[in-house]
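Heads up: the structure comes next, in structure tokens.
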Amino acid sequence: MQIPQHKFLGLYLALVPCLMGAGESAWSEMAQYRFKEARAHFSALGTREGRLGEAVALLNLQPRTESNVQQAAALLTQIMADGDRDETGLTARYMLARISQMHGATDQEIDAAQRYRELLADSPDNHPLAAQSVIKLAMLTLYSTALPREPSQRLELAAALQGRVKRPEALRDFHLLIGRAFLFYQISPEKALAHFEAAWEAGVQNFSNRSDVLVAIAELARKCGRLERARSAYEQFLIEFPRDDRGHAIKLILQEKGQKGT
Amino acid sequence: MSGQLSSRIAIGLVAISFLAASTWILLRKSQTETPGQIVLRLAHDNLHVSVRRFYQEITREYESKHPGVRVEVIDVPGRVWMGWARTQLTGGMAPDIIKADSRTVDQELAVYYVPLSEAMAQPNPYNRGTTLEGVAWRDTFIDGLNNPQSFPPGLMEIYRVPFHGATSRLYYNKDLLRAATGLEELPQDMAGFLAACKLLRAYGEKKGAPIIPLISFDDTSRILFGSAIFEQQTQVVARKVLRRETISSNRADNVMGYLRGEWRPNSGAVAEVWPLMREIGLNCPPSIMNTVRDDAQFLFSQQRAAMLFSGSWDASYYLNNAKFKLGVCTLPIAAAEPAGEERRAYGPNSEQNGVVSGGNQFGLVATGQHQAQALDLLLFLTSQNVNERYAAMVQRVPVIVGAKIDPSIREFAPQTAGWPQGLSFEFMELGGGWVSRLIRTHLHYLISPQGSVESFVEKYTPAYDRALLLDTEFYLQSTRKNSQRSDSVIAAQAQLGLVGNAAAANKSARMLENQNLQEAEAMQLKWLLSLRDTGQVK
């Protein structure tokens, strides 16, 4: 939203809550890292959405305290009790899983995994946060030290979640995650390549991630003997990222390939 | 009684000071603003005369193009800059455009600055008639603003734009070099360089006025031994331990290689770097990691040091003030290693991505009353023509594509035909500073005449493991905090997306892409740490 100039600024700020809706305005504040202000506005709402916003803001209210995190968890649990399948309820469930995984004094990865699994069971494809539960679950499956498994078993279990991923951004994140895991555990560069290709197809958005994925596709394709694909990915990289510090190395790789006639 | 009197005097003085300050501010405001006129304010902390002159000239030019706009440039001394800037920002009185260097944290950027991403997708109108006409503003910067200061990964928005870049170089005294070696230029191979150092030292001894062949100061010593030597000489090992297949590695990749036992500071290719570093370091004062800038500059200016390792930020001073003929070149380390030795480096480090650093970036302040006009000024200042003139006037490296580097500083042009850097020397990017402190307190064992490679390795390596683990723990804590902070913001963006705000939905998706990759990387590190704890990796 474009902020208007000088003399109307005060009027604009006063009217924002009316124009946007009080809840929307408070979410906008939170999106700008204004957790304290957002919390104050959410608690004044006295609605279910207000309780959700207050809980989410409490997680980052400075100074961060365990009692704030517990208060947030209590508010989210209360929201769930009033309904856990609507948009507000699904957000509350996702945030509770995040609290278990990331916000508590100690990591509770098994509890978090269980919460993500339950959320996933409710087919949350039309909710952007609930749809992330499959990614977070796959991540815990791949790496959590609280779940003792062999790397190949981890990869198998995580990859099996693919059928549960529906939203394009979740599909992108899923393939990036699994592709990187194949490389980390040094299992099947071919499968890693397939996942990176799928992630690329789904649309990697961030500049540096895009450049890394394209280079990984080129490098893996070269190592897997798919030389034409390697060449096209290197060339695409040079066009799309002309000022990346890998450009010189990649030009030399292409020259070498040209000399070998491949 | 006397106590009461003192209190009253103190209160009175405070009241008078408050009134005087208020009056001054009110009068100043009334002097600066006239009806119908827009006053833009730009604040920076580079008080070099050439920089101030540039701002003076360029703002007058901007004013002539925009009648009704006046630009005030506020010069603030560097020593008080951060305190001043933070007070202005939190008090809601900040200038419209303000320098926001790498000390400005993500949350400050998000709260006090305007995201520029939307404007970045549009062409810069001040590039009309140049080679950049019609090119998106972002793509007019030499690194596409793909640096963590302009585009902080945690925020997923462009917040800052650079005015100039920086490269590190070796300055040398040509008069001394000629007198000591008969050479006009510093040799561009390591053997020739070391031989020249030896002759310079011998020349000083013969004259009875000792000459230090090479000097640097705290910050540049870190660049000299870190980026220029260690990180160039470990290119091959960094690539070997990299599993992400991205050609260039990040610091987490380096740590993972270490945790898997794939490299150690006291063995293999890394251990081979120390003798070379000693050979170079023996030409420096042993206290080089703690030498202050003024001392190093004094010794070089007084011709008691023949070479100074510094960067383009000092070009203006030496090019204009040196009392001797000045030479500038890169450290001649990129030459191939002796035949038969296992290759440690592919070639010189690329300066493509590192040229834009956090030192000189500017942002638009969110509380500014004239944001559209301030954005226009920022576009003007980062146009090809203005950037070229700026770089020439202040003798700095331009950052806009096609802006020609001034002939006087052509040696500082970034080397783009190079390779990504190798292993990190100090692991500063992890944020803990433990490895860095270890290096600062132990390097003298390596580079002092009384020291040796063996004594350095013996004292340095036992503590290295602990230092790197502490840095890794710090990094994991930072990553966790980032995830915690971004959770609330992602949730907020997603909620806005659910009520039809497409831009917010998109931002939430972009932030999740990064959050997931960062969390996965942190979990990989934790996995490897747990293997160490259970003795599965040594």
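The values are calculated or read from the model by the stated rules, or taken from the named source; none is laboratory data. For clarity, every value in this text was computed on a predicted model and none was experimentally measured. For neighbour counting, all protein chains shown are included, and Cβ atoms are generated from backbone atoms with ideal geometry for every residue, glycine included.
Structure summary
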{"item": "All positions within segment A:212-246 that are crowded, with 18+ Cβ neighbours inside 10 Å, more than 7 Å from every other protein chain (Cβ to nearest Cβ) and either at pLDDT 95 or above or in contact with a strand residue (DSSP E or B) (Cβ under 9 Å, 6 or more places away or on another chain) (or both)", "result": "A:213, A:214, A:217, A:218, A:221, A:222, A:230, A:231, A:233, A:234, A:237"}
{"item": "Candidate set from segment B:56-83 (those that are of a type in the set (A, V, I, L, M, F, W, C) and without any contact (Cβ under 8 Å) to a residue 24 or more places away in the chain); member that is surrounded by the fewest Cβ atoms within 10 Å (Cβ to Cβ)", "result": "B:80"}
{"item": "Number of the exception - residue B:232 against (1) surrounded by 23 or more Cβ atoms within 10 Å (Cβ to Cβ); (2) among the polar types (S, T, N, Q); (3) within 11 Å of chain A (Cβ to nearest Cβ)", "result": "(3)"}
{"item": "Some residue of segment B:455-467 being among the aromatic types (Phe, Trp, Tyr) and under 30 Å from residue A:206 (Cα atoms)", "result": "no"}
{"item": "Conditions (1) facing another protein chain (nearest Cβ under 7 Å); (2) surrounded by 19 or more Cβ atoms within 10 Å (Cβ to Cβ); (3) of a type in the set (Lys, Arg); number of the one not met by residue B:526", "result": "(2)"}
{"item": "Qualifying residue in segment B:382-393 (condition: among the hydrophobic types (A, V, I, L, M, F, W, C), farther than 16 Å from residue B:165 by Cβ and either part of a helix (DSSP H, G or I) or in contact (Cβ under 8 Å) with a residue 40 or more places away in the chain (or both))", "result": "no"}
{"item": "Qualifying residues in segment A:158-199 (those that are of a type in the set (Lys, Arg) and not in a helix (DSSP H, G or I)) - the one farthest from residue B:506 (Cα to Cα)", "result": "A:166"}
{"item": "Segment B:479-500 - residue that is touching a helix residue (DSSP H, G or I) at 6+ places or on another chain (Cβ under 8 Å) and more than 7 Å from chain A (Cβ to nearest Cβ) and, of those, modelled with the highest pLDDT", "result": "B:490"}
{"item": "Residue list for segment A:142-157, filter: in a helix (DSSP H, G or I) and either at the interface with chain B (Cβ under 8 Å from one of its Cβ atoms) or buried (at least 23 other Cβ atoms within 10 Å of the Cβ) (or both)", "result": "A:142, A:143"}
{"item": "Tally, over segment A:121-141, of residues that are surrounded by fewer than 20 Cβ atoms within 10 Å (Cβ to Cβ) and in contact with a helix residue (DSSP H, G or I) (Cβ under 8 Å, 6 or more places away or on another chain)", "result": "2"}
{"item": "Verdict on residue B:107 being surrounded by 20 or more Cβ atoms within 10 Å (Cβ to Cβ) and either charged (D, E, K, R) or part of a helix (DSSP H, G or I) (or both)", "result": "no"}
